[in-house]
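**Q** So that we are looking at the same thing, I have put the structure below in structure tokens.
The values are calculated or read from the model by the stated rules, or taken from the named source; none is laboratory data. Fair warning: this is a prediction, and the values are worked out from it, not measured in the lab. Every residue, glycine as well, gets a Cβ built from its backbone with ideal geometry; the counts of neighbours run over all protein chains shown.
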Amino acid sequence: MLLVRRFEERAGRAYTQALIGGYLHLNLGEEAFVVGAAAAMKPTDYLFTNYREHGFAIARGADLGRVMAELYGRADGLSKGWGGSMHMFDLEHRLMGGYGIVGGQLPLATGAALAIQYRGGSEAVVATMGDGATNIGAFHESLNIAALWNLPVVYLVDNNELGMGTSVERSSAQPDLHKRAAAYRMDSARVDGLDPEAVYQATRHALTRARAGRPFLLEVMTVRLKGHSVVDPAAYRTAEESAQALARDPLDRLARQLIVEGGASQDQLDLWERQAHDAVAQAEQFAKASPLPPVDALFDHTYATPVPNESRRLPGDPLFETPPEATCRRPNDLDEGGPAASSPYSLPQPVAA
Amino acid sequence: MTTAATTLGAGAAASEPVEPVEGPDRARSTAGATMTYREALRVTLAQELRRDPNVLLIGEEIGLFEGSYKITQGLLKEFGPKRIRDTPIAEEGFTGAAVGAAMLGLRPIVELMTINFSLLALDQIVNHAAKIYGMFGGQVSVPMVIRTPGGGGQQLGATHSQNVELYYSFVPGLKVVAPATPAEARGLLLASIRDDDPVLFLENLSLYNSKGEVDLAAPPLEIGRAAVVRPGRDLTVIAYSRMVSVALAAARHLAATEGADLEVVDLRSLRPLDRQTFVDSVRRTHAAVVLEDDWLTYGIGAEVAASIGEGAFDHLDAPVRRVAMAEVPLPYSKPLETAALPQMSDVVRAIKETLAATGFNRGGSVSHD
Ligand SMILES: Cc1ncc(C[n+]2csc(CCOP(=O)(O)OP(=O)(O)O)c2C)c(N)n1
Ligand SMILES: [Mg+2]
């Protein structure tokens, strides 16, 4: 959790320094959800997630340096610099992608579960999404199909109470999002997303059911500490709401718990803090040292099967070699003669500039 | 605005173009004002909301959040939640709902956050908005506007950097406009709102901060007309949306460096396409380069080039050249993204090579005047 937090803070800083481009959506406040859910998964399980995904990449075991390198758009990035913050992929750790289109990952996850069932495998699929994503058609279509076909998939809703500036109450007629599963006769539950242990147990339970052919909808109540993305000042939140969000920081809560209930010393916490700091600093060094992808790699990933006549033209290139000499064969009589009689176009008309 | 369609509900009279009514923007409306593309859109939306009670805005984050790109800033405050309607993330649902509301005479203006997300509403736009007037024998029309920005170049990756206006420009029954300047944004938005057909109104992320003169009392521009925005003799550059400003910059550059006198045609409307204007231009200049911010194959540039082939073949002194994106899903990493997108240098190169092919600057052997 601490590692995810420090990574996100460092990424946010790099973004404001324009070292990272595009949009940057952070998991700040969602660390207990991210780490608890990922810990409940087996290494062989598959994860489909959205654009708020750095934490998931880290928690699934992806190399920290390669996660940062993707943000920097470098060749060693998780998606070789092609995806950026929103589109990370790591087959080795069965991170099957972050997806930038809200809800786009849900049918894919459902299909991955179909592939597992089809082959008689024991793996399961976890699909994460935001609260806002539960209003998109693909959510409902996916849950229905999964329930109908008894697919091994867990739908995990990260309910951080906001989709950009829209609260759950303003976007969802049934704001108890887990109850939406009832429409598909799917089991569901809601869990405190600030408590990593609770998230872990609930996700494990859901995965057990999913492996038995009972897909599950788990709603995890989290908090978004900051704006929707790094550039969003969250002006739609009142000062009081922002303060309340910050007061729910799961990391503070965990630190208190570790000291009071777990008997951890301040020295121990400081050590973890230093370790997280060093790991993130190293990741950033790695990212900065990694080369940018070479421009001649531009056409490397359009098709998996080579195909004749694939376009490899750069924007300024002609389609055909330009003839070295002018090829004008235009009869002189057209110079003054106006358009040919057979032209489908009428005579020039005045045009307003 | 002559249409056989019955406009249902109370809105029948509201589609008549009328003078802007009193409001905060009225004071400035006699003289031209310099404003951004963003501001031109916002002011025009506000004027139309004031003018016609059947106009309402529907979209994600347009109210409380004041618009992802702040086009609708302040509108919720002035017009309230009945007319500035925040929606759930449900593009297909709310776009389709706007089609239905338009069938009953409302004039919804839908904001789709970016054109990439319009794909989730493609079915409602193509199968319903575009079809209802024709399929039911002209009994009811669909007077709605879908405003949405396209544009790459901001390192948003493959799913967030597309310009899929082509998909809509392909469909009879839809109108598609693509303003290139603040004045065009205002003129075409007025026309789109007052039009009785569904109009896809294409904005561009990289134009929102661009500035220009806007006459707030000017009448709507006509949908379906292109404009010669720079007259010239040597070659016609045809473009729309963001690429118009690239074309104009290239024209200035080549005037200074090569003494070339380029004509620039701004398409403004992608459907209907004003072929006459650019074909006439090419008949005068005898050469053409077509610019687009999108993939080349089957693109809007392909349609323009084919039209020039049919309408001005015998007038051409060189093959028509197109400058368009490399045909890849747009990568995130900056050098790859830059290489894939048409740059000013690509445009200049294509124009120079086309001019060379016409014999330009080779002792004046090609002279048409
Ligand atoms: C289909 C689609 N519509 C709109 C967007 C723009 N968008 C990106 S994130 C977002 C909010 C999503 O909220 P939620 O599902 O709650 O996830 P969170 O960002 O809170 O994690 C929106 C509207 C998009 N990416 N895709
Ligand atoms: Mg959310």
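**Q** If we only count strands (runs of 3 or more DSSP E) wholly inside the range B:1-100, which ones have 3 or more residues that are at pLDDT 95 or above and touching an Asp or Glu at 6+ places or on another chain (Cβ under 7 Å)? Please lay out each step first, then the result.
**A** On the way: elements: B:32-36, B:55-59, B:84-86.
Strands (runs of 3 or more DSSP E) meeting the threshold: B:55-59.
**Q** For the condition out of contact with any Cys (no Cβ under 8 Å at 6 or more places or on another chain) and within 12 Å of another protein chain (Cβ to nearest Cβ), what is the one hit in B:G138, B:G153, B:G173? Walk me through how you get there before you give the answer.
**A** Numbers: B:G138 fails: within 12 Å of another protein chain (Cβ to nearest Cβ); B:G173 fails: within 12 Å of another protein chain (Cβ to nearest Cβ).
Testing whether each residue is out of contact with any Cys (no Cβ under 8 Å at 6 or more places or on another chain) and within 12 Å of another protein chain (Cβ to nearest Cβ) leaves just B:G153.
**Q** So is B:R268 more than 7 Å from chain A (Cβ to nearest Cβ), of a type in the set (K, R) and at positive phi or not? Spell out how you get there, then give the answer.
**A** On the way: more than 7 Å from chain A (Cβ to nearest Cβ): yes; of a type in the set (K, R): yes; at positive phi: yes.
The answer is yes for B:R268.
**Q** Restricting attention to the range B:306-342, report how many residues are basic (K, R) and more than 7 Å from every other protein chain (Cβ to nearest Cβ). Working first, answer last.
**A** Our first condition is that a residue be basic (K, R); within the range B:306-342, this holds for B:321-322, B:334.
Among the residues that remain, those that are also more than 7 Å from every other protein chain (Cβ to nearest Cβ) are: B:322.
So the answer is 1.
**Q** Determine, yes or no, whether A:G132 is within 16 Å of ligand 2 (Cβ to nearest atom) and surrounded by 24 or more Cβ atoms within 10 Å (Cβ to Cβ).
**A** Values: within 16 Å of ligand 2 (Cβ to nearest atom): yes; surrounded by 24 or more Cβ atoms within 10 Å (Cβ to Cβ): yes.
In short, yes.
**Q** Going through A:G22, A:G65 one at a time, which residue ends up being more than 15 Å from ligand 1 (Cβ to nearest atom) and more than 19 Å from A:E161 (Cα to Cα)?
**A** Working: A:G22 fails: more than 15 Å from ligand 1 (Cβ to nearest atom).
Going through A:G22, A:G65 in turn, just one is more than 15 Å from ligand 1 (Cβ to nearest atom) and more than 19 Å from A:E161 (Cα to Cα): A:G65.
**Q** Could you please give the count of residues in the range A:79-110 that are touching a Lys or Arg at 6+ places or on another chain (Cβ under 7 Å) and within 11 Å of chain B (Cβ to nearest Cβ)?
**A** Residues flagged as touching a Lys or Arg at 6+ places or on another chain (Cβ under 7 Å) and within 11 Å of chain B (Cβ to nearest Cβ) within the range A:79-110 amount to 1.
**Q** Consider the range B:48-85. How many of its residues are within 14 Å of chain A (Cβ to nearest Cβ) and away from ligand 2 (no atom under 16 Å from the Cβ)?
**A** The initial filter retains those residues of the range B:48-85 that are within 14 Å of chain A (Cβ to nearest Cβ), namely B:58-70, B:72-74, B:76-77, B:81, B:84-85.
After this cut, where a residue has to be away from ligand 2 (no atom under 16 Å from the Cβ) as well, the list is B:58-59, B:62-63, B:66-67, B:69-70, B:72-74, B:76-77, B:81, B:84-85.
Number satisfying all stated conditions: 16.
**Q** Another question, if that's okay. Would it be correct to say that B:L76 is touching a helix residue (DSSP H, G or I) at 6+ places or on another chain (Cβ under 6 Å) and over 30 Å from B:G153 (Cα atoms)? Walk me through it before giving the result.
**A** Values: touching a helix residue (DSSP H, G or I) at 6+ places or on another chain (Cβ under 6 Å): no; over 30 Å from B:G153 (Cα atoms): yes.
It is false that B:L76 is touching a helix residue (DSSP H, G or I) at 6+ places or on another chain (Cβ under 6 Å) and over 30 Å from B:G153 (Cα atoms).
**Q** Quick check on the range A:236-254: of everything there that is away from ligand 1 (no atom under 16 Å from the Cβ) and hydrophobic (A, V, I, L, M, F, W, C), which residue is nearest to the other protein chains (Cβ to nearest Cβ)?
**A** So, considering only residues that are away from ligand 1 (no atom under 16 Å from the Cβ) and hydrophobic (A, V, I, L, M, F, W, C), the one nearest to the other protein chains (Cβ to nearest Cβ) is A:A239.
**Q** Condition test on A:A183, is it modelled with pLDDT of 95 or more, surrounded by fewer than 24 Cβ atoms within 10 Å (Cβ to Cβ) and of a type in the set (G, A, S)?
**A** Yes, satisfied.
**Q** If we keep just the residues of the range A:135-165 that are within 12 Å of ligand 2 (Cβ to nearest atom) and over 20 Å from A:A189 (Cα atoms), which is nearest to the other protein chains (Cβ to nearest Cβ)? Reasoning before the result, please.
**A** Residues of the range A:135-165 within 12 Å of ligand 2 (Cβ to nearest atom): A:135, A:157-165.
Applying the additional criterion that residues be over 20 Å from A:A189 (Cα atoms) yields A:163-165.
Details: A:G163: 6, A:M164: 5, A:G165: 3 Å.
Going through the qualifying residues, I end up with A:G165.
**Q** Going by the conditions given, is A:E169 within 14 Å of chain B (Cβ to nearest Cβ), within 19 Å of B:G63 (Cα to Cα), more than 9 Å from ligand 2 (Cβ to nearest atom) and surrounded by fewer than 21 Cβ atoms within 10 Å (Cβ to Cβ)?
**A** Against the criterion (within 14 Å of chain B (Cβ to nearest Cβ), within 19 Å of B:G63 (Cα to Cα), more than 9 Å from ligand 2 (Cβ to nearest atom) and surrounded by fewer than 21 Cβ atoms within 10 Å (Cβ to Cβ)), A:E169 qualifies.
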